[in-house]
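Enquirer: Before we start, here is the structure in question, set down as structure tokens.
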Amino acid sequence: MKLYKFLTFLSFFLFFNHALNADINIDADYLILQDHHSEVILYEENADDKIYPASMTKIMTAIVTFDLLKNGQTSLDELITVSEKAWRMSQSGYSSMFIMLNDQVSVEDLLKGIIIVSGNDACVALAEGLSGTEKDFVILMNEKAEELGMYNTNFNNSSGINDAENYSTVRDILKMSRYMIENYPEYYSYFKDTTFTWDRTGGDPITQGNRNPLLYKNIGVDGIKTGFLTVEKYSLASSMKSGERRITAVVSGFDTKNSRSRQSAKLLNWGLRKFDSIKVAKKNEIISNFDVWLGKKSKIEVVTYKDVYLTVPKRKKNIIKAILEYEGPIKAPIKKGDKVGLLKVYIADELKEEIDVFSAEDVKRSNIFSRILKSLNFLVWGDV
């Protein structure tokens, strides 16, 4: 028998409108804005068109390195010897950490040189040190891109220098930005550091500032990466926190640095101002209980295995409804982690999300005498 439970605590008065892109104008060629928790796209223009990601490529260089750290294939204090190829990147007018030929630099310092000061020399040194050659490291970058569903992306170098075969889309860059934030919070903190001092060999220490202009505006931005190529103009992947909310934008094709900074901040603030993000359920937190048949307990507590959010525009009144649906009563025995039902979330009677619900506990079968008694009771009175 199909049973339903309404989660009445989810009565919020909110406006729902499918025309999400109606009231903002951003002077860029390609852009996308996402609510991080719900994964709802709040705004997009030309999000799947090819772009040249420039230094936003470095996000993937960092991700691959963090994967290797996670798997124990390197360590933050591993020393990498700087090759002539890596050193020459610092002599060619590119943004650089200014590493020296044959110097030994730790993985952590190279990561900071990549993330904070956008050093192309650091990218090559790290790629060669971890994979033997930059080409072999790029293979790992493309394998990771495929894993993340970045199907319109191809990497051909580790730094993002001008290369017709190094391309992506703002949607794909959003995917890897989200992966970085979600999976490596302990390393993502590097992206908000505003300065990095490299105590180089054979010269005075060099202190450089983070290239991300939004870090200096005190608006809650804590990453992620700028980019510039003459062919692509100015670009920026950025992420902002406000309370428990996080929104992330990727924009490319700004004419100037100033417009990149001003318009990116405008887009992020618009997303916070125009939308509400509602937490429907918290991972592993009890949301209700279901009836049990022939068990040592008459009810089981249930949970979801992920945080569930909805993002909706503000202003008008409509009700979010959350309904738990299950075939019940559920026959014992039941194991913790068994899928036992669904959480269905509606906005204005439109189904927006369907999430699996799991038992939070074990329930053993009752003894045979208790089962007989309960069966008779059910036959006579219809009571479980």
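FYI, it's all coordinate maths here, none of it is from the lab. This structure is a prediction, so every number in the text was calculated from the model and none was measured. Cβ sites come from the backbone with ideal geometry, for glycine too, and all protein chains shown count toward neighbours.
Enquirer: If we count every other residue with Cβ under 13 angstrom of residue 135's Cβ, Lys/Arg +1 and Asp/Glu -1, where does the sum land? All intermediate terms of the calculation are to be shown ahead of the outcome.
Expert: On the way: positive: 85; negative: 128, 134, 136, 163, 165.
Taking every Cβ under 13 Å from that of residue 135, the sum is -4.
Enquirer: To the nearest 10 degrees, how steeply does helix 120-131 sit against the main Cα axis of the chain, on a 0 to 90 scale?
Expert: 60
Enquirer: What is the antiparallel percent of DSSP beta bridges lying wholly in the chain, to the nearest 5? Please report the intermediate quantities before stating the final value.
Expert: Details: 70 of 72 bridges.
Here the antiparallel bridges make up roughly 95 percent for the chain.
Enquirer: Scan the stretch 130-203 for GluC sites (Glu not before Pro) in coil per DSSP, keeping those whose Cβ has at most 16 other Cβ atoms within 10 Å, and list them by number. Walk me through the numbers on the way to the answer.
Expert: Values: sites: 134, 143, 146, 147, 165, 182, 186; in loops: 165.
Here the sparse-neighbourhood loop sites are 165.
Enquirer: Please compute the net charge surrounding residue 149, taking Lys and Arg as +1 and Asp and Glu as -1 over other residues with Cβ under 9 Å from its Cβ. Walk me through the numbers before you get to the answer.
Expert: Numbers: positive: 175; negative: 146, 147, 172.
Every neighbour counted, the sum reads -2.
Enquirer: Would you calculate a helix-derived [θ] at 222 nm for the chain, using -39,500 (n - 2.57) for each DSSP H run of n ≥ 4 and dividing by the full residue count, to the nearest 500?
Expert: On the way: 9 runs with 104 residues, N = 384.
Helix contribution divided over all residues of the chain: -8500 deg cm²/dmol.
Enquirer: Right, another one. Expressed as an acute angle from 0 to 90° and rounded to the nearest 10, what is the orientation of the C-alpha long axis of helix 134-147 relative to the principal long axis of the chain?
Expert: The answer is roughly 20 degrees.
Enquirer: Here's a follow-up. Compute the whole-percent fraction of alpha carbon pairs in the chain spaced more than 36 Å apart.
Expert: Details: 28008 of 73536 pairs.
Every Cα pair in the chain considered, those over 36 Å come to 38 percent.
Enquirer: Based on Cβ point charges of +1 for Lys and Arg and -1 for Asp and Glu, what charge dipole magnitude is obtained for the stretch 30-254 about its Cα centre, in debye rounded to the nearest 20? Intermediate values should be presented prior to the final figure.
Expert: On the way: 20 positive and 31 negative charges, 118 e Å.
It comes to approximately 560 debye.
Enquirer: Oh, and also: Normalising by the residue count of the stretch 30-254, find the relative contact order in percent from Cα pairs under 8 Å and 6+ residues apart. Don't skip to the answer; put the middle values down first.
Expert: Numbers: 480 pairs, mean separation 57.1, N = 225.
Reported relative contact order: 25 percent.
Enquirer: Let me ask something else. In µm²/s, what is D for the stretch 70-185 at 25 °C and 0.890 mPa s, where D = kT/(6 pi eta Rh) by Stokes-Einstein and Rh is the Kirkwood radius from Cα pairs? Kindly include the intermediate steps, with their values, before the conclusion.
Expert: Numbers: Rh = 14.7 Å.
In µm²/s, the coefficient is 167.
Enquirer: Sticking with this one: Considering the chain as a Gaussian network with a 10 Å cut-off on Cα pairs, which listed residue, 311, 81, 169, attains the greatest mean-square fluctuation?
Expert: Between 311, 81, 169, it is 81 that shows the largest mean-square fluctuation.
Enquirer: Continuing with this model, one more query. Taking a 32 Å limit on the Cα-Cα distance, which of the listed pairs 241/321; 257/283; 257/352; 192/233 fall beyond it? Intermediate values should be presented prior to the final figure.
Expert: On the way: 241/321 27 Å; 257/283 40 Å; 257/352 39 Å; 192/233 23 Å.
Over 32 Å apart, Cα to Cα: 257/283; 257/352.
Enquirer: On C-alpha positions alone, give me the angle between the axis of helix 170-183 and the longest principal axis of the chain, in degrees, nearest 10.
Expert: 70
Enquirer: Let me ask you something else. Counting only C-alpha contacts under 8 Å and six or more residues apart, can you give the relative contact order of the chain as a whole percent? Intermediate values should be presented prior to the final figure.
Expert: Values: 843 pairs, mean separation 76.0, N = 384.
Reported relative contact order: 20 percent.
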